[in-house]
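Every read-out reported here was derived from the displayed coordinates using simple, explicitly stated rules and does not represent laboratory data. Please read all numbers here as calculations on a predicted model, not as lab measurements. Counting neighbours? That spans all protein chains shown, and the Cβs are built from the backbone with ideal geometry, glycine included.
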Amino acid sequence: MNTNVAADLDEVARTHVRPRPQTGASGTRRGWRVREFEDGGVDHVEVRDGSGRVQLVIAHAAGVFWALHVGFPTARVSFPNWRLKLPDGAGPTVVYVSPSFSLTRFSNGDEAVWCIQPA
């Protein structure tokens with residue numbers, strides 16, 4: 001194994017992934033943990049539930065949003081340019097609000113759809 005390559009990758013990870021300041025208690029709904037970070041010029045928002053399990057990761061750059069496939073099951077995400085049908089009887093929970101967008105979870109207990117709404 002070439003340990004120089006591994007060292008180079010570690011250095012890239014340390015220098016290119018930067019945590020962003022949290023928005024504080026007012027930006028995150030109780031029971032959810034949100035972490036913002038930047039990687040290669042792309043902003044990311046990671047959302048974890050109360051048990052610490054990753055629910056979804058949203059990436060945002062140049063006005064475009066996309067979801068990374070993480071967690072099991074993978075979260076269903078409704079985007080500004082691609083809206084999904086909400087589950088019947090779903091109630092909204094605003095989980096996160098930032099200056100650039102808000103993230104609302106619509107759930108009826110069995111199903112959930114996350115909705116991104118630009119600011």
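Quick check: net charge around His69, other residues with Cβ under 14 Å of its Cβ, Lys/Arg +1 and Asp/Glu -1?
0
I need the shape label for the stretch 33-88. Rule: rounded when a/c is under 1.5, else prolate if a/b > b/c, else oblate, with a, b, c from the alpha carbon gyration tensor.
The shape class here is oblate.
Could you please report the charge total around Gly89, scoring K, R as +1 and D, E as -1 over all other residues with beta-carbon less than 15 angstrom from its beta-carbon?
Taking every Cβ under 15 Å from that of Gly89, the sum is -1.
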